[in-house]
1. With respect to A:Ala159, is the statement that it is within 24 Å of A:Gln79 (Cα to Cα) and away from chain B (no Cβ under 11 Å) true?
2. Within region A:165-195, which residues are charged (D, E, K, R) and more than 9 Å from chain B (Cβ to nearest Cβ)?
3. Residues A:Ala262, A:Ala180, A:Ala213: which one is surrounded by 14 or more Cβ atoms within 10 Å (Cβ to Cβ) and among the small types (Gly, Ala, Ser)?
4. From the list A:Ser34, A:Ser102, A:Ser83, pick out the single residue that is over 28 Å from A:Val236 (Cβ atoms), out of contact with any Pro (no Cβ under 9 Å at 6 or more places or on another chain) and polar (S, T, N, Q).
5. Can you tell me how many residues in region B:81-92 are crowded, with 23+ Cβ neighbours inside 10 Å, of a type outside the set (A, V, I, L, M) and not in a loop (DSSP other than H, G, I, E, B)?
6. Condition first: hydrophobic (A, V, I, L, M, F, W, C) and within 16 Å of the ligand (Cβ to nearest atom). Now tell me which residues in region A:124-168 satisfy that.
Amino acid sequence: MKIIVLVKHVPDAQFDRHLTGPGNTTDRSESILSELDEYALEAALQLIEARGGEAAGNKVIALSMGPAGAVNAVKKSLQIGASEGVHLTDEALAGSDAAATSLALAAAIRHLGADTPADLVLTGMASTDGETSLVPAQLAERLDLPQVTFASSLELDGARLTARRDGDTHADTLEATLPALVSVTDQINDPRYPNFKGIMAAKKKTITTLTLADIGVDPAQVGRSGSWTAVDSADVRPARTAGTIITDEGDAGIKLVEFLAAQKLL
Amino acid sequence: MAKVLVFIDNPGQVLKKASLELLTMARSLGEPAVAFNGELHDDVAAALAAYGAQTLYRPSATDLDDYLVGPKASYLAAAVQTAGATVVLTENSAEAKEIAARLGIKLGAGVITDVVAVDTDGTAHKSVLAGSYTTTAKATTPVAVLTVKSNSITPEPAVTGTAPESVTVQVPETATAASARVTARTEKAASGRPDLTEARIVVAGGRGVDGNFGPLEDLADALGAAIGASRAATDAGWIGHDAQIGQTGKTVSPQLYISAGISGAIQQKAGMQTAKVIVAVNKDAESPVFEIADFGIVGDLFQVLPQATAEIKKRRG
Ligand SMILES: Cc1cc2nc3c(=O)[nH]c(=O)nc-3n(C[C@H](O)[C@H](O)[C@H](O)COP(=O)(O)OP(=O)(O)OC[C@H]3O[C@@H](n4cnc5c(N)ncnc54)[C@H](O)[C@@H]3O)c2cc1C
């Protein structure tokens, strides 16, 4: 089977993140493979391993859209175990919102499926920068694929896919027929780390670079010009500062209530 | 006047506060209408009228709940076209955001999520990068789709109520074709406490509660608060996953967030640092949660919380 996993190169949340790029876009200098995409990659690897792995003709293609540095997300995916990497990059993509991003990714996925369509498109539940969760649903819409999002479990029986989705008021079991688009939560598995063997093997794997021309997308349809939303302003929110810290001397519970009363929170 | 369509999905017996907020916001932006799905109970119908809904759209199909997201987006797209709406407002839940996402593609409309306020010119306000920035954004398309966080505005009924006209919207026959089907649904038991994302006060526990949420529940009950948790606590199975707050859980911005036995990892902070007031109780003075707490107590939660609960009860007599 053929699985395309979307991997995004995002600013590392361990550091301060900034919207100092052109048009209030994210500064991507200290970026990593989005942690939440590791769960999708792991899910893909488990699915193909259960089917005889690459030896049996299965493959996992890691696809990332983004500027030059985004190739690092693809490289890391290859080290973790993806079979091939694809980096969609074009100056005209800069500043794309979810709609423009999903347009470009849909075109790339169609391009990669030209000879053999992918059985599954797998994504994380959200990117850790934009955090909108819009792209998986928009991709399903554009590709006309069944959408199985926020899956916390995933099983395949032939072409029949079953997944669990945990909502606020109820949990659902979902069923769809391949090909499908699936986004997975961080509950689904424990992602593996790249090991020495994986890192060495990754050096021999191919990374294909695609531009908008390769996938037949008009530059005017993406980037800021092709986006349907525009960010007008971005202001740093004053960082929270520590307030009063006390050490419990047997009466901290009472002091807590006094604080709440003073704040009119009781 | 702009037509503003509010999507209300399966409210049950009574309209949620979040829906009342959406209706109130809709009135500030133009002429409100409602695209409804599910059974319409009398109380709900009365509330829609009191909040000024001019028209009530309902789907021709009754099986939208049997599928995930796609058919609801098709219905909503048809409702937007029937209504001639230029603004669509939905809740900010995972499912509502996905419906908004697909609706956006169907209509060629910009989608803005996590909105906390909208100006009359359509400028939406939100906070991004785990609360570290506030931004304004606008849809550049003829129709704008906004998903609005609950607790963003105070719900207020309309000055004059309405008797909304009911219109059936034809759901396209192809709507369910490429959709995942819901084959089983397990309802979760209601806790009797306020909904986490709507609650004014949240009491959250982490690994430090060591399997015992009892002292947090007692405090929550005394304060009328909802219970939240860190991922360590939900992963341990001490409390349901729907209580998780953070990057991969819920984002809350209550008036008061009481964090107990939580270290304050970046992924946890991402879900709560827009709370008005943060109180933290943790044994370890070095815990990062103290960097953002307005009031921090270095101490044992099993001592501090019961004492606080007792004191609240005493004050209330
Ligand atoms: C991709 C990803 C997504 C994640 N998403 C989330 C998320 O959405 N939400 C989330 O919360 N985490 C998330 N995490 C996990 C996060 O990184 C932390 O591991 C987690 O928040 C830690 O939970 P904790 O603070 O309860 O546990 P710990 O870090 O173990 O902290 C427990 C704290 O309890 C204190 N304590 C112990 N006993 C007591 C006592 N008797 N009284 C008072 N204090 C006591 C200790 O001093 C300690 O500070 C995510 C991680 C990853 C990798």
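The values are calculated or read from the model by the stated rules, or taken from the named source; none is laboratory data. Treat the numbers as computed from the prediction; the structure is a model and nothing was measured. No Cβ is skipped: glycine too gets one built from the backbone with ideal geometry, and neighbour counts run over all protein chains shown.
1. Considered against the rule, which asks whether it is within 24 Å of A:Gln79 (Cα to Cα) and away from chain B (no Cβ under 11 Å), A:Ala159 comes out as no.
2. A:Asp190, A:Arg192
3. A:Ala180
4. A:Ser83
5. So the count comes out to 1.
6. A:Met125, A:Ala126, A:Phe150, A:Ala151
So that you can scan it fast, the table gives a plain yes or no per residue for (1) within 12 Å of the ligand (Cβ to nearest atom); (2) more than 10 Å from chain A (Cβ to nearest Cβ); (3) surrounded by fewer than 24 Cβ atoms within 10 Å (Cβ to Cβ):
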site: B:Ala180; (1), (2), (3): no, no, no
site: B:Ala184; (1), (2), (3): no, no, yes
site: B:Ala190; (1), (2), (3): no, no, yes
site: B:Glu198; (1), (2), (3): no, yes, yes
site: B:Val203; (1), (2), (3): no, yes, no
site: B:Asp221; (1), (2), (3): no, yes, yes
site: B:Arg231; (1), (2), (3): yes, no, yes
site: B:Gly237; (1), (2), (3): no, yes, yes
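Results for (1) under 30 Å from B:His125 (Cα atoms); (2) of a type in the set (A, V, I, L, M), shown as yes or no for each residue.
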| position | (1), (2) |
| --- | --- |
| A:Asn189 | no, no |
| A:Arg192 | no, no |
| A:Phe196 | no, no |
| A:Ile199 | no, yes |
| A:Ala213 | no, yes |
| A:Val217 | no, yes |
| A:Val231 | yes, yes |
| A:Leu256 | no, yes |
